[in-house]
Amino acid sequence: MTANTLPVADRGVVHGACPHDCPDTCAMLVTVEHGRAVRVQGDPDHPFTQGFLCTKVNRYVDRTYHIDRILHPMRRLGPKGSGRFVRVTWDEALDEISDRLSAIARSADGPQAILPYSYAGTMGLVQGSSIDRRFFHSLGASMLDRTICSMAGTVGMRMTLGANIGADAEGIPESDLVLLWGTNTLTSNPHLWPFVLEARRRGAPIIAIDPLRTRTAAQCDEWIPIRPGTDAALALGMMHVLFQQGLEDRDYLARFTLGEEALRTRAREYAPERVAGITGIPAAKIVELGERYGRSRAAFIRVNYGLQRHAGGGMAVRTIACLPAVTGHWRRAGGGVQLSTSANFQFNKHALERPDLSPPVRTINMIRLGEALTTPNAGVGGPPVRALVVYNSNPAAVAPDRNAVLRGMSREDLFTVVLEHFQTDTADYADIVLPATTQLEHWDIHFAYGHHYVTLNQPSIAPLGEAKPNSEIFRLLARRMGLDARLFADDDVMLVRQALETNAEKLRGVTFEALLDRGWARLNVPTPYLPFAEGKFPTPSGKCELYSERMAQMGLDPLPSFTAPYEFPENVPELSSRYPLTLISSPAHQFLNTTFVNVDALRRAAREPECVLHPVDAERRAIASGARVVIQNDRGAFTAVARVEESIREGVVWAPSIWWGKFATDGANANQTTSQRETDLGHGPVFYDNLVEVSLAD
Ligand SMILES: Nc1nc2c(c(=O)[nH]1)N[C@H]1C(S)=C(S)[C@@H](COP(=O)(O)OP(=O)(O)OC[C@H]3O[C@@H](n4cnc5c(=O)[nH]c(N)nc54)[C@H](O)[C@@H]3O)O[C@H]1N2
Ligand SMILES: Nc1nc2c(c(=O)[nH]1)N[C@H]1C(S)=C(S)[C@@H](COP(=O)(O)OP(=O)(O)OC[C@H]3O[C@@H](n4cnc5c(=O)[nH]c(N)nc54)[C@H](O)[C@@H]3O)O[C@H]1N2
Ligand code: SF4
Ligand SMILES: [Mo]
């Protein structure tokens with residue numbers, strides 16, 4: 001059994017897909033010479049990729065052949081966290097893992113003491129959610145709730161629109177107003193930008209709503225510096241203006257929405273003066289924004305996931321998602337809201353993952369890993385977590401409340417396996433590290449969350465060293481552990497085909513052969529796709545649910561409302577007297593979460609861990625640009641170099657992320673200060689709902 005059933009070419013150009021957790025899911029062309037990848041570039045024929053890759057993935061070849069690539073299995077020598085390992089053979093590594101996991105499964109604690117931990121190091125279905133899932137389901141391991149990024153907003157969308165789908169970015173050129181709302185487009189969604197520029201060329205103003213004047217906001221026509229976590233109030237303030245001035249689309253509201261009257265009543269409570277007090281945006285500006293939105297024909301609102309990393313993140317996304325139904329902008333190309341397009345990709349996940357194989361087991365929320373590893377019943381009942389198998393993720397750096405996570409990962413009685421490309425912070429805590437292939441070395445199939453194309457990734461080079469695809473590693477482990485062989489017989493190409501075996505209308509015509517030929521294929525939807533032009537919301541009522549009965553049943557406010565952050569200064573006077581600043585630790589331009597931090601050229605461009613402060617906040621603390629500062633709260637602390645700039649709201653500080661502990665002088669990163677609390681919907685993280693104090697390091 002091999003992972004690759006078609007040969008890898010010695011030279012030529014191979015169609016691939018960028019594997020990273022990014023809405024753009026670029027179609028990549030990989031140039032191979034003498035069996036070695038020499039260049040990656042964006043596919044010029046792909047309507048969204050448009051021939052370019054980002055600053056990070058342009059370095060994908062450097063990353064693949066990086067001198068630090070893990071090329072063979074290793075067993076830990078020193079204490080956990082020390083990063084000292086010795087080479088072992090695949091047989092030794094697999095035997096040890098199989099023995100340890102089998103012993104735990106047979107013990108009184110049972111298989112639920114085993115916890116898989118994975119996220120989106122690759123977004124590919126084959127290497128991210130296929131054989132691995134079959135393996136853990138067959139074992140009866142604990143389930144992992146993969147909430148770390150998008151669940152608050154996803155559930156907010158489901159409650160309102162029925163699914164996490166939205167307006168088509170390819171309609172943006174026809175838009176007459178673009179709101180980049182809590183998203184740093186040039187950094188985290190760069191292929192949207194050409195569409196935005198085309199809209200601007202045709203006359204549409206571009207407005208950024210963000211506490212930071214990001215590199216994106218700096219390029220916009222206007223920057224509205226909102227207080228973190230208050231977006232729902234702003235959206236309600238806009239609705240107040242819309243209804244008051246008669247700018248709503250009565251026909252759309254009557255035919256395609258549920259709860260118009262209740263929403264009108266609710267919006268009345270959010271007069272601009274009140275909203276100004278909450279959001280820190282002047283009342284006149286709120287009125288102006290509401291009017292501009294209401295007077296435009298097809299405003300495009302791009303929200304992304306940064307916005308929902310606060311206590312009320314789900315409600316914030318839901319509230320914003322109501323706006324285009326109030327104005328009827330869904331009717332026209334370029335109008336509507338987009339958080340994601342992912343729910344359009346109705347692959348046959350059941351066939352890939354086989355959830356039916358799992359007995360009833362507990363589920364552990366990935367953002368509570370610290371708690372799960374340090375409390376006897378993992379915080380949710382059942383046995384302690386005794387084994388952790390990590391792949392496609394770097395929890396020792398990305399999970400909130402890093403001190404708790406590292407305390408848990410340091411447990412000598414915890415057996416940890418890490419499948420990785422590099423010796424990450426997480427790999428330092430492994431008992432066994434296994435070498436995984438990169439995207440150039442394996443097959444995969446990709447959905448997207450920022451556009452409507454399926455992308456196939458064909459391997460362009462043979463695996464480096466002794467690296468193996470995740471899928472193959474789990475096949476080998478399954479065989480070692482005596483799991484049902486029939487479940488693990490499918491090779492990677494068969495898995496790609498299985499993903500496409502579905503009657504889903506939107507995947508009609510998207511075949512393996514078509515993908516093989518061109519590398520990508522558009523879903524069976526028009527260009528641009530107007531999902532709600534005629535209503536047809538996939539909610540229980542078939543309408544856009546301004547009023548949500550399901551939320552009422554969950555004990556939540558059924559109407560859009562403002563939910564204050566946990567650490568909203570005026571609600572927590574004692575805490576905010578000690579920690580008056582809100583820390584946003586959103587992505588650095590050069591990194592992708594923690595991926596690429598170890599690529600020298602990119603890390604040099606990011607310089608070092610930094611903390612951006614407003615001049616007023618800096619002056620109060622006698623902090624000058626270049627000073628070394630400590631950012632701290634009761635959860636923990638990290639150091640950074642101060643950068644004093646007007647490009648941020650007063651009261652907010654920014655630490656571009658996510659650094660590896662081992663590349664920081666103090667071994668710490670921003671997640672030392674973040675909490676394991678959950679959002680209102682979807683049990684998501686609240687990374688940016690985080691009060692800190694910044695002081696000079698001595
Ligand atoms: N270069 C790069 N690209 C990436 C990533 C990366 O790490 N690096 N990560 C990828 C991943 S996993 C994801 S999920 C996406 C995330 O992409 P985005 O959703 O764009 O995420 P963030 O950069 O976290 O946040 C975007 C902006 O939201 C702002 N923000 C924070 N809180 C609030 C708020 O309460 N209200 C408003 N209005 N704005 C707020 C932040 O200041 C930030 O500028 O990007 C993907 N793309
Ligand atoms: N403070 C703060 N924390 C955050 C965020 C933030 O904005 N601020 N953002 C959050 C968000 S949005 C997200 S999505 C998470 C991201 O968290 P993660 O999904 O953990 O993302 P990465 O840090 O990129 O780590 C992915 C790892 O997977 C590995 N990998 C890639 N491909 C493969 C493969 O094929 N096989 C194997 N075995 N490994 C592979 C990479 O080498 C990398 O080390 O972080 C969250 N944490
Ligand atoms: S990280 Fe995003 S922008 Fe960069 S190549 Fe990948 S999909 Fe494209
Ligand atoms: Mo994410």
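Take LEU373 and tell me if it is in contact (Cβ under 8 Å) with a residue 24 or more places away in the chain, farther than 17 Å from ALA120 by Cα and either hydroxyl-bearing (Ser, Thr, Tyr) or buried (at least 24 other Cβ atoms within 10 Å of the Cβ) (or both). So LEU373 fits the description; yes. Under the condition of being over 18 Å from GLU96 (Cβ atoms) and without any contact (Cβ under 8 Å) to a residue 12 or more places away in the chain, the residues counted in the stretch 464-493 number 2. Here is a check on your reading of the model: is THR563 crowded, with 18+ Cβ neighbours inside 10 Å and away from ligand 4 (no atom under 16 Å from the Cβ)? It is true that THR563 is crowded, with 18+ Cβ neighbours inside 10 Å and away from ligand 4 (no atom under 16 Å from the Cβ). Of all residues in the stretch 279-319, those being among the aliphatic types (A, V, I, L, M) and under 20 Å from HIS451 (Cα atoms) number 6.
I'm trying to understand the selection: among the residues of the stretch 591-636, which are within 16 Å of ligand 4 (Cβ to nearest atom) and touching a helix residue (DSSP H, G or I) at 6+ places or on another chain (Cβ under 7 Å)? PHE591, ASN593, THR594, PHE596, VAL597 - these are the residues of the stretch 591-636 that are within 16 Å of ligand 4 (Cβ to nearest atom) and touching a helix residue (DSSP H, G or I) at 6+ places or on another chain (Cβ under 7 Å). Checking each residue in the stretch 47-62 for being within 10 Å of ligand 3 (Cβ to nearest atom) and either touching a strand residue (DSSP E or B) at 6+ places or on another chain (Cβ under 6 Å) or among the polar types (S, T, N, Q) (or both) picks out THR49, PHE52, LEU53, THR55, LYS56, ASN58, TYR60. Could you tell me whether any residue of the stretch 64-75 is within 15 Å of ligand 3 (Cβ to nearest atom) and closer than 25 Å to THR187 by Cβ? Yes, the stretch 64-75 has at least one match. In the set (1) small (Gly, Ala, Ser); (2) under 30 Å from GLY259 (Cβ atoms); (3) surrounded by fewer than 18 Cβ atoms within 10 Å (Cβ to Cβ), the condition left unmet by SER577 is number (2). Considering the stretch 644-698, the residues that are surrounded by 24 or more Cβ atoms within 10 Å (Cβ to Cβ) and among the acidic types (Asp, Glu) include one that is farthest from ALA622 (Cα to Cα), namely ASP680. Name the pairs: first residue in the stretch 49-61 and of a type outside the set (Lys, Arg), second residue within 12 Å of ligand 1 (Cβ to nearest atom) and modelled with pLDDT of 95 or more, Cβ to Cβ under 6 Å, at least 6 apart or on different chains? Cβ pairs passing all conditions: THR49/CYS26; LEU53/CYS26; CYS54/PRO190; VAL57/CYS18.
Residues in the stretch 502-510: is at least one surrounded by fewer than 15 Cβ atoms within 10 Å (Cβ to Cβ) and either in contact with a Lys or Arg (Cβ under 8 Å, 6 or more places away or on another chain) or in a helix (DSSP H, G or I) (or both)? Break it down into steps so the answer makes sense when it comes.
First, the residues of the stretch 502-510 that are surrounded by fewer than 15 Cβ atoms within 10 Å (Cβ to Cβ): 503, 505, 508-509.
From what is left, the residues that are either in contact with a Lys or Arg (Cβ under 8 Å, 6 or more places away or on another chain) or in a helix (DSSP H, G or I) (or both) are 505.
Yes: one or more hits.
Quick check on my filter: what residues within the stretch 497-518 are without any contact (Cβ under 8 Å) to a residue 60 or more places away in the chain and over 21 Å from CYS26 (Cβ atoms)? If you could, list the steps in order and put the result at the bottom.
Taking the stretch 497-518 as the starting set, the residues that turn out to be without any contact (Cβ under 8 Å) to a residue 60 or more places away in the chain are 497, 503, 505, 508-514, 517.
Correct list: ARG497, ASN503, GLU505, ARG508, GLY509, THR511, GLU513.
Within the stretch 136-158, the set of residues being of a type in the set (A, V, I, L, M, F, W, C) and more than 15 Å from the chain's Cα centre (by Cα) comprises PHE136, LEU139, ALA141, MET143, LEU144, MET157.
Picking from ASN344, ASN365, ASN392, which residue would you name as being within 16 Å of ligand 3 (Cβ to nearest atom) and either within 30 Å of PHE474 (Cβ to Cβ) or out of contact with any helix residue (DSSP H, G or I) (no Cβ under 9 Å at 6 or more places or on another chain) (or both)? Lay out the reasoning, then the answer.
On the way: ASN344 fails: within 16 Å of ligand 3 (Cβ to nearest atom); ASN365 fails: within 16 Å of ligand 3 (Cβ to nearest atom).
Just a single option satisfies the conditions, and that option is ASN392.
Condition check: of a type outside the set (S, T, N, Q), closer than 24 Å to GLY128 by Cα, assigned to a loop (DSSP other than H, G, I, E, B) and at pLDDT 95 or above. Does PRO383 satisfy that? So PRO383 does not fit the description; no. Run down ALA642, ALA668 and say which single residue is more than 13 Å from ligand 2 (Cβ to nearest atom) and either assigned to a loop (DSSP other than H, G, I, E, B) or hydrophobic (A, V, I, L, M, F, W, C) (or both). Exactly one residue qualifies, and that residue is ALA642. When we screen LEU483, LEU476, LEU516, LEU523 for residues that are within 25 Å of the chain's Cα centre (by Cα) and aliphatic (A, V, I, L, M), the only hit is LEU523.
Being within 16 Å of ligand 2 (Cβ to nearest atom) and either free of Cβ contacts under 8 Å to residues at least 12 places away in the same chain or more than 24 Å from the chain's Cα centre (by Cα) (or both) narrows it down to one residue among ILE104, ILE97; which is it? Don't jump to the end; show me each part of the working.
On the way: ILE104 fails: within 16 Å of ligand 2 (Cβ to nearest atom).
Every option except ILE97 fails the conditions.
For the stretch 267-324, the set of residues classified as of a type in the set (Lys, Arg) and either surrounded by fewer than 24 Cβ atoms within 10 Å (Cβ to Cβ) or away from ligand 1 (no atom under 11 Å from the Cβ) (or both) consists of ARG268, ARG274, LYS285, ARG292, ARG295, ARG297, ARG318, listed by residue number. Quick check on GLY306: is it within 22 Å of GLY335 (Cα to Cα) and either of a type in the set (Asp, Glu) or within 16 Å of ligand 3 (Cβ to nearest atom) (or both)? Judged against the criteria, GLY306 is a match.
The values are calculated or read from the model by the stated rules, or taken from the named source; none is laboratory data. Everything numeric here is computed off the predicted structure, so don't read it as measured data. When we count neighbours, we look across all protein chains shown, and the Cβ atoms used for this are built from the backbone with ideal geometry, even at glycine.
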